[in-house]
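The values are calculated or read from the model by the stated rules, or taken from the named source; none is laboratory data. These numbers were taken from a predicted model, which means no experiment stands behind them. Here the Cβ is made from the backbone with ideal geometry for all residues, glycine too, and neighbour counts use every protein chain on show. What goes into the accessible areas is simple: the full protein's heavy atoms, side chains included, and nothing from ligands, DNA or RNA. Shrake-Rupley method; radii C 1.70, N 1.55, O 1.52, S 1.80 Å.
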Amino acid sequence: QVQLVESGGGLVQPGGSLSLSCAASGSTSSLFHMGWYRQAPGKAREAVAIVTVISGGPTIYADSVRGRFTISRDNAANTVYLQMNNLKPEDTAVYYCVARLRLGGRFEDYWGQGTQLTVSP
């Protein structure tokens, strides 16, 4: 199992910046990737950014955030960060950290408790 502790989030004006962090503990040796999803009211949860733990692995961004958001990782600290710039009102959502473990031939996903980001004047 993996436990995830998120931090960051809050209220920011359009055009502003904010950073989220997510620290994993527990069975971190089995980590395959970590990243962020978000869910806005009345909408389905969507992937925002995913980074593979393995060095040289792919990083994936949603089209809506590419060029504005940057995901990074600190493997030694089992922590992933999401730097969000040029925030827009449509970025308002609850942001969830996800950690995927690779356990032999299968994967297991673990989720953080979520942190609210509100982008508003």
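Overall, the accessible surface of the chain at a probe of 1.4 angstrom is composed of carbon and sulfur to the extent of 50 percent. Considering the chain at the alpha-carbon level, its Rg and Dmax are found to be 13.9, 48 Å. Sorting the segments 2-8, 115-121, 20-26 by their residues' average number of neighbouring beta-carbon atoms within 10 angstrom, most packed first, yields 20-26, 2-8, 115-121.
Over segment 46-96, the Kirkwood radius and the radius of gyration, each from Cα atoms, give a ratio Rg/Rh of 0.97. DSSP bridge analysis restricted to segment 1-119 gives an antiparallel fraction near 90%, rounded to the nearest 5.
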